[in-house]
Structure formats: structure tokens, C-alpha cells
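Q: Sending over a structure as C-alpha cells; questions will come in a sec.
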Ligand SMILES: NC(=O)c1ccc[n+]([C@@H]2O[C@H](COP(=O)([O-])OP(=O)(O)OC[C@H]3O[C@@H](n4cnc5c(N)ncnc54)[C@H](OP(=O)(O)O)[C@@H]3O)[C@@H](O)[C@H]2O)c1
């Protein structure tokens, strides 16, 4: 079968399309014929061989997320059958042969039914982004209906789903993006207010929009740039969840003291099995009810995985980047 293979760590050029042997499912594992794979920033960090959460053994096929049809099941698998439409969310799977491929084998617990109404591309957008958005809002921030939530970086794979979930669960949502295209997706996902990313210069604007109280919850996608600003605008007793970070920042901790604000870290790798189950139940229910509607930004062929890795880091976001697998 066709798959992207990485035989040495490095830049996007190490993503090479190759012919590899088809993997076979062991007991309690499932093989999925994929039609789409989701591309996530963490796959670019892993590709360098220096990522703190995970260094794979070489050679390997990247990818945790995808969607397709079950084409083989191992002994003991009862909740899935050959032919089922499914999405794959394999970040925490014990076995994952990689979704940048025509077929993936992974634990049955990483494979979930995809409603007929949801395309494979949208199904491949769920995995890491949907589970992260859910964990940020509900496990870490413990968001409640009626609260005001700032999604600080709302135009990307995780951000748009976070806007949809927060809105659907009764929050007033403020979302930020840096392009008009990104902003219109954030608006269409249900944000009441859509702004540029907040800077010192725009603090007054956001505060006057929400009657000087500040957001109860901030989901932060570039903490090394924004954490000090977040602390200045967060409401008293508010919660800031650090989801994305690409460096260091100096903050004045007094800002957190004065408001008794909490800064909460999030790493999806830490999710507990019961929390993972709960998140997936929620994602399936949100999909069926129409609350979640993934926005696809760019679809590239599997062979262009290197371009997808360049784009997810360098280009402005406008929804999810997907690899199509023929
Ligand atoms: N902790 C975890 O377990 C976990 C899980 C998933 C993702 N993440 C991280 O979360 C981040 C987003 O992931 P993704 O899949 O949504 O990536 P993505 O699709 O590339 O989206 C990136 C987002 O960051 C926004 N952004 C850019 N500059 C910003 C700024 N100055 N302030 C605030 N936001 C800014 C982008 O907005 P514009 O392009 O419109 O400027 C876009 O909305 C990445 O850093 C990723 O590594 C962490």
C-alpha cells in the first residue's frame, strides 16, 4: 500500500511517499481503509525527532487522525464490523501504524463510527482537534453555560471546534483570527464577537465589548506571545488554558494574584482513559446533533504531505488541513 514514510528526522522534505507492506490487525485491533487524514502541528514537531512528548522509532508513518471504512478486524473486536464508516483518533493508541497512509491499524478504542452525513474529510478533522477543544473547555476550564469565553486563536483546527462547542454549550464566545477569511469562519462557527488577536493596544476594545469584566475563560493558542495580555483581561477568578505555546514569555504573577486567576496547562497526551472515553462520547453526540461542523481549509493529496507540514506552520489558518488518500 501507499504510505508516507520517514526514515530520518528533519524538515518537511523527509516526508516521502513509498510502497509499504499492509499492516495486519492483532486481537482487539482494527484496520481502516483511509480516505482522508488530518494534519496536526504536533506531527511537524515529532518529525524533527526533538519533541518532548514522543520520539518514534524510525522508520515510521506519521498521523494520528483519519477517516475511512473498516476493512479488517482482529479477534475480540465486537463494536465494529467490516464496512463501517469510521473516524480514527489514535493519539493514545498502544498501536498506531500511522494515518498518512492508505490503511492504518490501531487499537479498536481509537476507531469510532462516523455518521453518514459527515464526510471523510470532516471525520479526519476530529481526532486531536476535537478532543483538545473538549478537554480545554470542559476538563481544564470547567466552562459553564452563561460564561464568556475567549478563544484566542480561533481560526485553526482546534480553535473553530472550540468556538462551536463553547457556543453550543451556552457560552458567549469571542474568537480571534488574523485574516478576513479566518474571521468569517470564526463568525460562522458561532462567535458573538470576532477580533484580531489581542495585543496591548486592543485591550480597551475587548474590555468595552464585554462591559469591562473580561472573559471568564481564555483558551490560549500562542501563550508565549499572549499570556501577559490574557492575565490583564481575564475576569476575576477566571481560567486561562494554555493549549499552544512556542517559546518563553515574562509575566507579572501579581496579575494572577490580584484576580485569583488560574493558568492551566493542557497536553492531550495526559488525558486519562475515562476522560478520553467521555470526550469521544461527547464528540459523537455533538456530531450527530449538528453542534460540531468541522471546517476544511485545504485538501492536499497524500503525496504532498511535505507541503501540508509547511503550510500548517507557515500559513495563516482557515480551518483544517487534510490529506486526501485515493
Ligand atoms: N496541548 C495540546 O495537547 C495540543 C493539542 C492540539 C494542538 N495544540 C497546539 O495548539 C495550537 C493550535 O493547533 P491547531 O491544530 O488549531 O493549529 P492551526 O490549525 O495551525 O491553528 C493555529 C491557530 O493559532 C492562531 N494564532 C496565530 N498567531 C496567533 C497569536 N498571535 N495569538 C493567538 N493565536 C494565534 C492562528 O490564527 P491565524 O492564523 O488566524 O493568525 C490559528 O487560529 C498549535 O500550537 C498546536 O501545537 C496543542
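Q: Evaluate E = 1/(1 + (r/R0)^6) for residue 254 and residue 204, where r is the Cβ-Cβ distance and R0 equals 25 Å; express this FRET efficiency to the nearest 0.05.
A: For R0 = 25 Å, the calculated efficiency reads 0.75.
Q: When the convex hull of the C-alpha atoms of the stretch 175-222 is computed, what volume per residue in Å³ does it have?
A: Value for the stretch 175-222: 86 Å³ per residue.
Q: Could you tell me how far the Cα centroid of the stretch 31-52 sits from the Cα centroid of the stretch 300-318, in Å?
A: The stretch 300-318 and the stretch 31-52 have Cα centres spaced 12 Å from each other.
Q: 222 nm [θ] for the chain, helices only, -39500 (n - 2.57) per DSSP H run of 4+, per residue, to 500?
A: -8000 deg cm²/dmol
Q: If one computes P(r) from the Cα atoms of the chain, what percent of pairs lie at distances over 27 Å?
A: In whole percent, the long-distance tail amounts to 42.
Q: Given 0.36 nm per residue, what is the gain on full extension from residue 81 to residue 9 after removing their alpha carbon distance, in nm?
A: 22.3 nm
Q: Please report, to two decimal places, log10 I(q)/I(0) for the stretch 5-164 at q = 0.08, 0.09, 0.11, 0.19 Å⁻¹ as given by the Debye formula with identical point scatterers on the Cα atoms and no solvent.
A: -0.25, -0.32, -0.47, -1.20
Q: Suppose a student asked you for the relative contact order of the stretch 17-164, using Cα pairs under 8 Å spaced at least 6 residues apart; what percent would you report?
A: Across the stretch 17-164, relative contact order equals 26 percent.
Q: Rule-of-thumb check for the stretch 129-269: C-alpha Rg over 2.2 N^0.38 Å?
A: Here the answer is 0.92, to two decimals.
Q: What relative contact order, as a whole-number percentage, does the chain give when Cα pairs under 8 Å and 6 or more residues apart are counted?
A: Once normalised by length, the contact order is 19 percent.
Q: Also, quick follow-up: Using Cα centres only, tell me the gap between the stretch 59-125 and the stretch 191-220 in whole Å.
A: 39
Q: Quick one: Kirkwood hydrodynamic radius for the stretch 115-194, alpha-carbon pairs, angstrom, one decimal?
A: When all Cα pairs of the stretch 115-194 are included, the Kirkwood radius is 12.6 Å.
A short reminder: the numbers here are calculations on the coordinates, not readings from a lab. Nothing here was measured: the structure is a model prediction, and the numbers come from that model. Positions of Cβ are backbone-derived with ideal geometry, glycine not excepted, and every protein chain shown enters the neighbour counts.
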